[in-house]
Amino acid sequence: MALKARHKRFILIGIGLGLIGLAAMLILNAFQSNMVFFYTPTQVAQGEVPKNTGFRIGGLVEEKSFKRGEDGLSVRFIITDTAKTVPVIYKGVLPDLFKEGKGVVAQGKLGEDGTFTASEVLAKHDENYMPPEAAEALKRAQTQSNTVVMPK
Amino acid sequence: MNNAWLTVLTRDLLQAYRRRSDIATTFFFFVIVSSLFPLGVGSDSAILSMIAPGVLWVAALLAGMISLSRLFATDFADGALEQMLLSPQPLALLVSAKILAHWLVCGLPVVLLAPIIGLQYALPNEAISTLVLSLLLGTPALSLIGAIGAALTLGARGSGLLVALLVLPLYIPVLIFGSLAVAASQHGMSPQAHLSLLAAISLLALVLAPLATAAALRISVE
Amino acid sequence: MSLKKIIFALGLIIALTAATLIFFTHGLNYIGVNVALLGLGAVLMRQSAYFSDNFYQHASPQSFYPTAGRMIPWFAWLAAVLVIYGLYISFAIAPTDFQQGEAYRIIFVHVPAAWMSMVIYLAMAFWAGVGLALNSKLSAMMAQALAPTGAIFTLLALVTGSLWGKPMWGTYWVWDARLTSELILLFLYLGFMALQASIDDPRKADRAGALLALVGAVNIPIIYFSVKWWNTLHQGSSINMGAAPKMAATMFEGMILMALAFWMYTIAVALIRVRCIILERERNAGWVKELSVKEIA
Amino acid sequence: MQWESWSAFFNMGGYAFYVWFSFGLTALCVVWEVIALRKRSSEALRLTRLLSQND
């Protein structure tokens, strides 16, 4: 079958565009499913986490959950995503930004009893930068009226 | 569909058959590198199965890379490349035949061998099937992207090391998604997202890499 | 040059700068606006003096060499003034951060360096592409002159980032998407420079390097959007067009001043380097010999 | 002004190492690049002169 060169080029371009479209579909499909740097406590509760291996768990440190052990080194706290919680045990130095109510990512293993034994704890901070007075003012404004939307 | 395309493909395959020792190099490189790790790390099967996805993917990646510098070098030396540049057929099309030949010779054997190596690393069955699938979807991208690097360094000084410097950074996404897919199925998660990203990378490379390789060849041979 | 041509050239510069700014501040949200601006830029490029009838005359190394020489002091002084003012704002005026204390001041070098590492790569790929498409020597030389500075800024972004990460996140390095892709960017710069260095014929080296730069340009959006695609440790960007910056005004000011200072510095350094490259490559041209004789006298 | 004394300024709220290392390294890179470029241009000019004198 003798095709004209021009027709052949059109066919090739068509195939190329089709393949690119297919690739775009596959990428969209991938981002619909679960691909994350860390898992949330809700996912832990629903068992959507890797089994028999370490993983990262992320969320906020629950207010008033932080306790230091008798040895002065090990710490216990609870990670929450405001729906579910996971208790965490950790032995080692905490980053400076580690605070109750702030973001945290812990690497470690989930025990049989549902306690997460962390080998590394990292602080996750947000993209807000402001002087302490401004942060204080924002906080006050928020407690006065809950209608004020704070940047997360 | 296209005679010139088939000619290039069969010619490359025939050449590879005549120089079987070259194929064997790739093959044994993969086997030896992946067998060295247990000797260096220890025979603890828990550790081995933990590092298996990464190690096997890195070994496959390096095995595919060491044969890249030969992809266009022989054709360049015997003048066949110049004929291809002058031929009325689109160069990108002919280049795609050469890349397919490279994958059949260097990529496919690694895919077929992977289950055996996976057993050595105490991988569970589902993980082994994911490993094979991920290599099947990912290694074409390695050959395609590698061809750009091989064409760019044709005739450059110290091209072996240069190919590594140019190509390895571009390989990283393939490596990441490939090993994550295996790790996911190892730990009872679905590898589907990673596998579809691998397929997407291969498809994009299939469209763009032959064009870029053809342009690079025109620059290198003039 | 006629007034019409000057207006075209200015319009071109404004359109391309606006497109780049929108891309970096708002990402894909305004892709339509961005494409339109780039299209406008391309149309103006065809019209403007530099890229139509007089392109080859203006773009010859011979006429650019003295022009670059005249431009360098301007950009160098501008960089010096901006960096002094920027450092003053960053250290004396900008307040302490409410959660990171003084450590956040690393932002004043880290973010500008990270921006420059990406902007320089885009500029490099742009000049490389122009060099490849129009076969102009000077564009390829510009691309070559930008690469080392880009590599330095990429390295600085990585090192200052890890020095910031240690006290704040608790680690010098994590393999998250953004850090990893910035590392890949460094490798791409090094690969570009190594490829150019290892091809003896300079014209061939130009074109091979240009192709590599364009292939690698695919990586830049991956770096920028990785933060949004993957949920990672690295925080989102503080500055988005259309929304107020999530920073105190003086902090924002310091960061922008430092970024502008880095930008001016980059232009000055790239111009000095392009002059070196012109001298090294055109050594045997008559005008270079005349010039050197003139400079001795 | 943000600082009560020079020592407070240099201490950077306890983050002196990280902050000054970052800024110092940046300054070092810039100075190094400028010096290297000066060398390169004077070398290029010198060689060009040498070539033109040989004619």
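The values are calculated or read from the model by the stated rules, or taken from the named source; none is laboratory data. Note that the structure is predicted; figures quoted are calculated from it, not measured. All Cβ positions, glycine included, derive from the backbone under ideal geometry; neighbour counts span all protein chains shown. Note: accessible area is taken over every heavy atom of the protein model, side chains too, but ligands, DNA and RNA are not part of it. Shrake-Rupley method; radii C 1.70, N 1.55, O 1.52, S 1.80 Å.
List every residue pair whose Cβ atoms lie under 8 Å apart, where the two residues are 6 or more positions apart in sequence or sit on different chains, the first residue falls within the stretch A:13-42 and is over 24 Å from A:PHE55 (Cα atoms) and open to solvent by 60 Å² or more (accessible area, probe 1.4 Å), and the second residue, located anywhere, is part of a helix (DSSP H, G or I) and at pLDDT below 75.
From residues that are over 24 Å from A:PHE55 (Cα atoms) and open to solvent by 60 Å² or more (accessible area, probe 1.4 Å), there are no pairs.
Sort out which residues of the stretch B:68-111 are touching a Ser or Thr at 6+ places or on another chain (Cβ under 9 Å), among the hydroxyl-bearing types (Ser, Thr, Tyr) and surrounded by fewer than 21 Cβ atoms within 10 Å (Cβ to Cβ), and write them in order of number.
B:SER69
Of the residues B:ALA114, B:ALA147, only one is buried (at least 19 other Cβ atoms within 10 Å of the Cβ) and without any contact (Cβ under 8 Å) to a residue 60 or more places away in the chain; which?
Only one candidate qualifies: B:ALA114.
Restricting the first residue to the stretch B:169-196 and requiring it to be within 12 Å of chain A (Cβ to nearest Cβ), which pairs with a second residue that is assigned to a helix (DSSP H, G or I) and of a type in the set (D, E, K, R) meet a Cβ separation below 6 Å and a spacing of at least six or different chains?
Pairs found: B:SER185/B:GLU126.
Spot the failing condition for B:ALA200; the list is (1) more than 8 Å from chain A (Cβ to nearest Cβ); (2) more than 14 Å from B:SER143 (Cβ to Cβ); (3) surrounded by 21 or more Cβ atoms within 10 Å (Cβ to Cβ), and only one is missed.
Among (1) more than 8 Å from chain A (Cβ to nearest Cβ); (2) more than 14 Å from B:SER143 (Cβ to Cβ); (3) surrounded by 21 or more Cβ atoms within 10 Å (Cβ to Cβ), the lone unmet condition for B:ALA200 is (1).
Within the stretch C:173-202, can you find the residues that are acidic (Asp, Glu) and over 16 Å from B:ILE176 (Cβ atoms)?
Listed by number, the residues that qualify are C:ASP200, C:ASP201.
Could you tell me how many of the residues in the stretch C:272-290 are open to solvent by 30 Å² or more (accessible area, probe 1.4 Å), at pLDDT below 80, part of a helix (DSSP H, G or I) and facing chain D (nearest Cβ under 9 Å)?
Going through the stretch C:272-290 one residue at a time, the tally reaches 2.
So C:LEU158 fits all but one of (1) modelled with pLDDT of 70 or more; (2) in a helix (DSSP H, G or I); (3) at the interface with another protein chain (Cβ under 9 Å from one of its Cβ atoms); (4) open to solvent by 20 Å² or more (accessible area, probe 1.4 Å); what number is the exception?
The number of the failed condition is (3).
From (1) in a helix (DSSP H, G or I); (2) without any contact (Cβ under 8 Å) to a residue 60 or more places away in the chain; (3) hydroxyl-bearing (Ser, Thr, Tyr), pick out the condition that doesn't hold for B:SER35.
Evaluating B:SER35 over (1) in a helix (DSSP H, G or I); (2) without any contact (Cβ under 8 Å) to a residue 60 or more places away in the chain; (3) hydroxyl-bearing (Ser, Thr, Tyr) leaves (2) as the failure.
Listed residues C:ALA249, C:ALA244; which is modelled with pLDDT of 75 or more and over 23 Å from the mean Cα position of the chain (by Cα)?
Unique residue meeting the criteria: C:ALA249.
Considering only residues that are open to solvent by 30 Å² or more (accessible area, probe 1.4 Å) and assigned to a loop (DSSP other than H, G, I, E, B), look in the stretch A:131-152 and name the one that is modelled with the highest pLDDT.
A:SER145
Right, B:SER21: under 21 Å from B:LEU162 (Cβ atoms) and either open to solvent by 20 Å² or more (accessible area, probe 1.4 Å) or modelled with pLDDT under 85 (or both) or not?
No.
Could you grab me the full set of residues in the stretch D:15-47 that are within 8 Å of another protein chain (Cβ to nearest Cβ), farther than 28 Å from C:GLU290 by Cβ, assigned to a helix (DSSP H, G or I) and open to solvent by less than 50 Å² (accessible area, probe 1.4 Å)?
Of everything in the stretch D:15-47, those that are within 8 Å of another protein chain (Cβ to nearest Cβ), farther than 28 Å from C:GLU290 by Cβ, assigned to a helix (DSSP H, G or I) and open to solvent by less than 50 Å² (accessible area, probe 1.4 Å) turn out to be D:TYR18, D:VAL19, D:SER22, D:PHE23, D:LEU25, D:THR26, D:CYS29, D:VAL30, D:GLU33.
Taking the stretch C:200-235 on its own, how many of its residues are open to solvent by less than 30 Å² (accessible area, probe 1.4 Å), more than 10 Å from every other protein chain (Cβ to nearest Cβ) and at pLDDT 85 or above?
So the answer is 1.
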